[in-house]
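Q: Structure provided below as structure tokens; questions to follow.
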Amino acid sequence: MANSPIRANEARALTVLFRQGPTTRAELARALGLTRSTTGNLVQSLVESGFIRENPEGAEEVEARVGRPGILVAIDGDGAFFLGADIGVDRIEALAVDLAGAVRGRVGRAFDGRGSDPATTIAAMMELVADVIAMLPSADRVRGLSVAIPGFLAADGATHHAIIIGWHGIPVGRLLETAFEGRMPILLENDANAFAVAETYRWTGENHDPEDVLVVLIENGLGGGIISGGRLHRGLLRGAGEIGHMPVGEEGYVFDPVHPGRLESYVGKQALLARDAYRRGEQRSLESFLAAMADGEACARLTAEEWGRWLARGLTAIVCVLEPQRIIIGGSVGAIYPFVAQSVEAAVRSALVEGYPMPQIQTAAADVNRPALGAAYLMHQAMLSNDTMTTPSGPAGTAEE
């Protein structure tokens, strides 16, 4: 695998091209604060390495300041590939993005993660990763693999807990290194954090300014990813984002004898369906509940509004602490949000102190591969940041899918 580090100015140049798209040498020199001759040498090195192309096909010709057509340079997507994988409760996914950030292959399948054997799970994930690599034009240009899991790094700094799938004190990093026999760098990240990166990494808002964003992933559990100044915030011990465990009430809709009243026990999938079953007298699936919402069923609507009130309570507390510009709500249960958005936003706004900024609240992109995509982007970011990490990195902020 092609894992040799790149030089600092090469990483800076690739970052500019990734964010701005095809650029003339002159504009690239100005963006980097380098002379044209130095930039010319830098471009030549990147072209020879296969990371960029000159006058890329399909790019519009631009005029230089002296009136002559400028030579455009752009990232060559085939210059490097980054793998991402996600281990969830009922699915495992794998995909690859190229140096330009485009998805070049993805696979996934149903998988019963609850109570699964870690070694067996990793073996199944390896099969998907191999399938994705086979889709790429060159396996030699794979820069590494980043794996999202529904858990967090233990205090010992070496093992992980993924409670929702029954993993406790598992040395996931060591298992991955052993499974892949050191063939590529491997990073580990929490699924909610990876989801947050997928939602914000290619931010195309006004001026491309770094954002402060809270991404809320609601599946069987509830996790948060915190983006601060455009970068993932993990906290001192990599545990930031555990919003599902915030105490907001006395009991919750699902019984938790150890930590009753957590936000997760009011708005997670199990909590939602338990409340719905209590009201209807019988259980149904999340898909059936969402269909009932779309049909305007009164019972489903009452449950959703109640769900929204607890979500608003949790979001208000987080807004007061983080003051995010945006809140992005995703995950399978997040599909309820558009039905109750007006009442949730009104509840948050009324609970905030007068004059305190109200963040924009929106739903995430509809893509089941979001944690895997975010994981791949983290590996992409490591290259563009000239970060040569080669050992598993501990995740934080669990969403426990």
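The values are calculated or read from the model by the stated rules, or taken from the named source; none is laboratory data. What you see is a predicted model; the values in this text were computed from it and never measured. Methodologically, a virtual Cβ is constructed for each residue, glycine included, from the backbone with ideal geometry; neighbour enumeration extends over all protein chains shown. Note: accessible area is taken over every heavy atom of the protein model, side chains too, but ligands, DNA and RNA are not part of it. Shrake-Rupley method; radii C 1.70, N 1.55, O 1.52, S 1.80 Å.
Q: Of the accessible area of segment 151-230, with the probe set at 1.4 angstrom, what percent is carbon plus sulfur? Intermediate values should be presented prior to the final figure.
A: Working: 1480 of 2940 Å².
Carbon and sulfur: 50 percent of the exposed surface of segment 151-230.
Q: To continue, here is another question. If you find the alpha carbon centre of segment 263-285 and of segment 302-316, how far apart are they in angstrom?
A: 13
Q: Nearest 0.05, what FRET efficiency do Q283 and E181 give at R0 = 56 Å with Cβ-Cβ as r?
A: For R0 = 56 Å, the calculated efficiency reads 0.80.
Q: What is the magnitude of the charge dipole of segment 101-167 about its Cα centre, with +1 placed on the Cβ of each Lys and Arg, -1 on the Cβ of each Asp and Glu, and no other charges, expressed in debye to the nearest 20?
A: 300
Q: Would you please calculate the Kirkwood hydrodynamic radius of the chain over all C-alpha pairs and express it in Å, rounded to one decimal?
A: On the way: mean 1/r = 0.0447 Å⁻¹.
About 22.4 Å, per the Kirkwood formula over Cα pairs.
Q: At q = 0.13, 0.15, 0.16, 0.17 Å⁻¹, what base-10 log of I(q)/I(0) does the Debye formula yield for segment 195-301 when every alpha carbon is treated as an equal point scatterer in vacuo?
A: Normalising to I(0) and taking log10 leaves -0.64, -0.78, -0.84, -0.89.
Q: Using a simple spin-label model with points 7 Å from Cα along the Cα→Cβ vector, what separation in nm is obtained for A341 and Q20?
A: The two pseudo-label positions are separated by 3.4 nm.
Q: Now for a different question. Work through the residues other than C299 whose Cβ is under 15 Å from its Cβ and net out their charges, Lys, Arg +1 and Asp, Glu -1.
A: Every neighbour counted, the sum reads -1.
Q: If you don't mind, there's one more thing I want to ask. Mind putting a number on the dipole of the chain about its Cα centre? Charges go on the C-beta only, +1 for Lys and Arg and -1 for Asp and Glu, and I need it in Debye to the nearest 20.
A: Dipole size: approximately 680 debye.
Q: Taking the dipole about the Cα centre of the chain, with the C-beta of Lys and Arg at +1 and of Asp and Glu at -1, give me whichever of G88, P22, A335 is farthest to the positive side.
A: The Cα lying farthest towards the positive end belongs to P22.
Q: Using only Cα atoms and rounding to the nearest 10 degrees, what angle (0 to 90) does helix 36-48 make with the longest principal axis of the chain?
A: 70
Q: Another one. Of A376, V103, T39, which is farthest on the positive side of the dipole of the chain, counting Cα position, with +1 on Lys and Arg Cβ, -1 on Asp and Glu Cβ, and the Cα centre as origin?
A: Of the listed residues, the answer is T39.
Q: Still on this structure, I have one more. Tell me the mean residue ellipticity at 222 nm calculated for the chain from its helices only (DSSP H runs of n ≥ 4, each -39500 (n - 2.57), averaged over every residue, nearest 500).
A: Helix contribution divided over all residues of the chain: -11500 deg cm²/dmol.
Q: Can you give the FRET efficiency to the nearest 0.05 for A110 and S228, using r as the Cβ-Cβ distance and R₀ = 45 Å? Please report the intermediate quantities before stating the final value.
A: Details: r = 35 Å, r/R0 = 0.79.
Once rounded, the FRET efficiency stands at 0.80.
Q: For segment 14-29, what does the Karplus curve 6.51 cos²θ - 1.76 cosθ + 1.60, with θ = phi - 60°, yield as ³J(HN,Hα) per residue in whole Hz, taken in order and with x for Gly and Pro?
A: 5, 5, 4, 5, 5, 7, 9, x, x, 9, 6, 4, 5, 5, 5, 4
Q: Here's a follow-up. State the dimensionless ratio Rg/Rh of segment 236-356 (Rg: radius of gyration of Cα atoms; Rh: Kirkwood radius). All intermediate terms of the calculation are to be shown ahead of the outcome.
A: Values: Rg = 14.8 Å, Rh = 15.2 Å.
Ratio of gyration radius to Kirkwood radius for segment 236-356: 0.98.
Q: Of S385, G182, V213, which is farthest towards the positive pole of the chain's charge dipole, taken about the Cα centre with +1 and -1 on the beta-carbons of Lys, Arg and Asp, Glu respectively?
A: Going by the Cα projections, it comes out as S385.
Q: Also, I was wondering about something else. Would you mind telling me the share, in percent, of accessible area of segment 269-326 contributed by carbon and sulfur at probe 1.4 angstrom?
A: 50
Q: On to the next question. Can you send over the carbon and sulfur percentage of the accessible area for segment 82-131, probe radius 1.4 Å, protein chains only?
A: The value for segment 82-131 is 52 percent carbon and sulfur by accessible area.
Q: Would you mind working out the accessible area per residue for the chain, using a 1.4 Å probe, and quoting it in Å²?
A: 44
Q: Short version: what are the Cα gyration tensor semi-axes of segment 129-228, square root of 5 times each eigenvalue, largest first, in whole Å?
A: 25, 23, 12
Q: Moving to a separate point now. Given a Förster distance of 22 angstrom, what is the FRET efficiency for L32 paired with S385, based on the Cβ-Cβ distance and rounded to 0.05?
A: Once rounded, the FRET efficiency stands at 0.90.
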